[in-house]
Each structure stands twice: as C-alpha cells, then as structure tokens.
1. How compact is the stretch 134-252 by the rule of thumb for globular proteins, expressed as Cα Rg over 2.2 N^0.38 Å?
2. How much of the accessible area of the stretch 223-368, probe 1.4 Å, is carbon plus sulfur, in whole percent?
3. Using label points projected 7 Å from each Cα along Cα→Cβ, tell me how many nm separate Met646 and Gln298, to one decimal.
4. Leaving out ligands and nucleic acids, and using a 1.4 Å probe, what accessible area per residue does the stretch 28-182 come to in Å²?
5. Can you list the equivalent-ellipsoid semi-axes of the stretch 34-161, largest first and in whole Å, using the square root of 5 times each Cα gyration tensor eigenvalue?
6. Show the residues, 5+ positions off or on another chain, whose built amide H is closer than 5 Å to the amide H of Gln27.
7. Full-extension gain between Val73 and Asn581, please, as 0.36 nm times their residue separation minus the C-alpha to C-alpha distance.
8. Show that you can apply the helix-only estimate: for the chain, add -39,500 (n - 2.57) for every DSSP H stretch of four or more residues, divide by all residues, and state [θ] at 222 nm to the nearest 500.
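The values are calculated or read from the model by the stated rules, or taken from the named source; none is laboratory data. Predicted, not measured: the structure shown is a model, and the values here were computed from it. We place every Cβ from the backbone using ideal geometry, glycine too, and count neighbours over all the protein chains shown. Protein only, heavy atoms only, side chains kept; ligands, DNA and RNA dropped before computing areas. Shrake-Rupley method; radii C 1.70, N 1.55, O 1.52, S 1.80 Å.
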Amino acid sequence: MSKIYQFVIFISFVLAPALLPAQPWVQNDAIFNPNGIPSLSFSQPRFADLDGDGDPDMVIGNISDKPFYMENVGTAEEPQFASGEDYFAEINYLDAEVAVFADLDNDGDLDMISGGFSGLSYFENTGNVTNPVFEKQSGFFTILAGINYPVPDLADVDDDGDLDLVIGLSEDGMVKIYENTGTAEEAGFTEADVIEIGDVGLYAYPCFADLDNDGDIDLLVGRDGYGFRYYENTGTPSNAEWTYIQNAFEGMGNETYWNSPDLIDLNGNGTLDLIFGTASGPLVYYENVGTPEVAEWQLNESFFGGGIDIGGASNPFFVDYDGDGDLDMFTGSQMGDIKYFENTGTIYGPSWSEKSESFTSLKHSIYSDVAVGDLNGDGRLDAVVGDLSGNLFYHQNTGFGFNYIESTFTGMSYGGWSSPCLVDLDNDEDLDLVVGNESGQVFYIENQGDIQQAVWVEIANYFGGIDVGSNAVPAFADLDFDGDLDMAVGNISGNVKYFENQDGNWVPNNFVMAGVSGGQNTSPGFGDLDGDGDADLALGNYDGTFNYFQNMEIVMGLQHENKSKTAGVSLFPNPFTQQLNIALQESAGRLKSLKIRNIGGQMLFARDYHAEKAFSSLSLRLDFLPAGLYIIELVTDKQIINQKVMKNEK
C-alpha cells in the first residue's frame, strides 16, 4: 500500500482530465490547527487592545519573523482570535522578537516597546487608538546598549503616574527594573536608577501584573528551564518590596522550555489568567478559576489546543493505517521519534488524535523520516525509517509490534538525513522505494521481488540527476491525471519542486506548484484530505508545524465513448459570494442537467435543462448556500464534468 494508493484507485474512473496550466492550490492550515492560532518557534504571546474595541487582542512574538497580530473578533468575555491587519508589516524582525504595548508618551494610544537581536526598541504609535501606526524612534533607549534579545514589560511600579520598565536579559538571566526618571509624556531610563531582582536562569521573560489584587504591581518571570519564578510585591504601591514566592506556580510549565508568559483577564471574569509561549511554539493557557485575590489555576487545553506541532522537522506521510477508510498521518521528527496521528474525523474533514505509543521502537537517531506500507503481503503496514545517518531501517509489523530486521538495507546508505517514500513507481503492484538525502539528490530503489518478498535493487540515474539543492524530501501523486505518478520534492529553502512524469522522463514544471511554499526544510506529503478524489498537499516544516494546501483542480467524471475529451467549461468567479457564472464552449456539448453537492455528497441543488439549448452562459444565484466547498456536476450530451467551487461569506 503506497502513500498515494487512494489516488491510483480513483484514476481508474477518470478517463480524460481537463488540464490546467497550474494546480489551483488554496492554503488552509486550519486543518492542522482548528483554532487558527499559529505555532511559532519560541512563541511570546502578549495582549493589548490594539484596535480600540474594548477587548484584548493578541500579538505573538517569535524567533524568526516579525510579530504576528491576532485580532479578537469575539468579545472580552468570549474571545476568538483571527489573523488581523498586519500592523507590523514595516517592522524588522531583528527588532522585535517580543513586543509589549503601553502608552509610553501619554497621548491616549498604545505604543510598542520591543526586544530583539538589535536590542531594545521604541515604536511610537503615530496613528490612533483604533488604527495604530508604529514608527521606530531611533536612539530612544540608551540603556542596555549592545545587549541582544532583552525582554521588556511596562507598568507604574512606584505609583508616580509614569511607566517603569522591567527587562529580562538573555545570556545571564538577570531581571532588572528601571525607574522612569522622566515624565509620563517623555519617559527616560538610565542605568543609575535600576533594581536587580535576581538571576532566574538563561533567557528571563518577565511580565508585570497585580496578581493578588492589592493595588500594587507584582512580577512573574518565565525562563529557559522549567516553570516560573513569581515575585510578589509585599511593599506598597509606591515602595515595592519583591519577595520570591516559591510555590505560587508549582507544577506549571514543567514540561516546556523557554516559557514566556503574560497575565491577562482573557475570559472577562475579573481574574488574571496565564498564557505563555514555548520554545516549540504552542501556547499554553491556565485559566484562573479562583478569585482576584487568590489565584487557582486550571489548565485549559481546548482554547489554544488542536494545532499539531511536533517540536521540529515534521514530514507528513498519509495512509489509512487503522483501516477505517480515512487517511491517518505519520511523521518523523527532529528528535528522531516517530509520531502517529489517527484521523478520528472523516474522509471529508480530518480530526487528529496522537497515538504514538506503539511506535517508540522505530526511533534510531535524530532527524527521522518514515514511510509506511505492506512490504511482505500480510495485510499489515510495515515501516521504513530514515534518519540523520542517511541509513534505512526496516521494521516489520507483526500485529503485536514492530520487529527491526537489520539485514534488509545493509550496505545501503544515501548521505545525511535519508527521507524514504514507498510508492509503486513501476506499476507492478508492489512497493518501490524513493529516497531523498541531505545533498538534495533523489534515489530510486526498485523492488524486483514481489508483494510477498521484496528484493531491493538501486537503479542508477533513474531521475536523471535531479538535485534540489539540499535536504530533498520526495512525494508522489498523479496530479495531471494521466495515469502515472508525478513527483514533488521539498528542500531546505521552503520550496516544492515539481517534476512531471512524461513517459519515464522527469520534466520540471514550475507552474504546478506556483504559490506553494513552506518553512525551512519543507517536506511534502500528498493525501486526499477533503474526500473529493484528488491529491491535496501537506507540508512539514523545520519548526515542527504543518501547512495544508487544498487541491482545487477540476476532476472529470466518466465520459461517454467517442465523445469530446475537452471539458470546455468555466466557472467564475471562484471563490464566489452570491452569484456563480457558468460558461460552456461549443466543444463541451449541450447542457442537460446541473447538480450541486457539498463535500459530504449531500445534494443541495439540481436543475434540468433542455438538451436542444445551444451552448451558452448561465448565471446562478446561490446566496442560500452557506460558505464552504462544493462540487458542481455538469451533464452534457458529450460528457460529465465535476468541478470544485468555493463560496465565501457575503
């Protein structure tokens, strides 16, 4: 059973595809992240009302890009976050690994204070409360010159009406509070007016909040190791005394590194909740179910949960492992563990549940990649694993576990980070092996045995010397519906190179993957995740997350014999909002009927036409349909055509 076996079955029903110059991919990462919250490496969430609508929005700092703005499109009591306007488009990511917001010039709107590789930066809001514009004010901070990645927060610690500054330092873990020696309108910070809180370990991440509701400002600090350090202000609002309370956050953040917190009343119930980012990216949310004076923490895994992030070097491989008719997902990882995600949803809409416990024996070393298929004809899916060494490892599925058979690939090594793919490339009903490597090359190892007993023989120069630069990861699907398998190869730069199989010659085609890109070390995997009969594309990334590109290609149904093989039909606009236009060329034949189904196959609309009508243009008002993906079936006197269309909200 190959990675793309579902597509091969479907091809037998497709006699004549309508070819497009490029595959119409639509990115929709929510299939791996239902809540829409991106998982960004070394995530640092901070909250502020940036659009002035009275509820907290979220800004996620990270190590590799400018801050990411998530607008709260819900309410203060029931927040819901969605990607909002890019307020940070002009921000250099070197200036802003983390960003906090406060009215530093006392003009009524929120300014941005950030820390990054370039040090501490001040971005004045030259816009307004509802439409911020952040402009960098060079030379504003004279403190901490030459210090990389300081982490700031601001609050009026001494109750004098202006904002003071706390800084967490990266290399030594020191936390310092700088008194504002200027004014509320013209802040000033100097090394002469600083209080050292202490060293919490490497990479201190502080935030201010009145956690015990006593009218003064307390301090919570995340760090590179486990957990948090909490300093209660046991003094007064004007004369702080910082007392370390050892067990205030006991047991929290003990399974994550580089915990970067913010305290905010996220659910509008009057208590401060804890949200923190992590080195691997996912956000963690502890709801405060206590009182404003005495916090009681309860882990909430549903609000930010649902997104899949394995920590590093994801590489998806889809197969129906549990035999329930939908595609499950395997992936290797940076640490070498093999992860398995059972699809507990449907063929039309997957939902993922990690069940990796049975695959711990498949680990060999770091940077693993895995392919799964039946290599001995017993009906059970076996595994081939590659890793950093460039070797291949065969694990036979016994039904009770996996036996490692060392002799299978003895003497076969393909350079650093071998990335295997099992696929029936020679169409002889057994699985062959294609392997990418760290040097950007792709190798073909043909199974010259049979479905019960594999015999592996490397075929030299099978792919004609294809080289994608570095870290080649191959995947296969029949994207042009011509009956053979084409190849996509990811590389270190985030690109996906496509090679069309033209009678055994692998011809590069830059159009098919136009608009498709992932993160560093992009690893493609094909699978029909929306149940519409074509190959969708998932991309693994070095940061451990996944991207999903839905395939919106036209898929043709059965045609009558000796009839035209050209569809000759256009549906536009696509996506549409209220009205869909259909244009038929003469070659398409005369329209007999039209049907609209959802992706679950439910009939939503049907109309018959007189076949004597000449080819023409039709206009359908479909505002009664909810937003979503639909299949339009057009039956003419020459052919049956199925095409996907997307309806957006009005």
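1. On the way: Rg = 14.3 Å, N = 119, 2.2 N^0.38 = 13.5 Å.
Ratio of Cα Rg to 2.2 N^0.38 Å: 1.06.
2. Carbon-and-sulfur percentage of accessible area, whole number: 46.
3. Result: 3.8 nm between the two label points.
4. Details: 5960 Å² over 155 residues.
Ligands and nucleic acids excluded, the result is 38 Å² per residue.
5. Numbers: eigenvalues 104, 69, 34 Å².
Working through the eigenvalues yields semi-axes of 23, 19, 13 Å.
6. Gln550
7. On the way: separation 508, 0.36 × 508 = 182.88 nm, distance 3.23 nm.
Stretched fully, the Val73-Asn581 segment lengthens by 179.7 nm.
8. Numbers: 1 runs with 7 residues, N = 650.
Using -39500 (n - 2.57) per qualifying helix, the result is -500 deg cm²/dmol.
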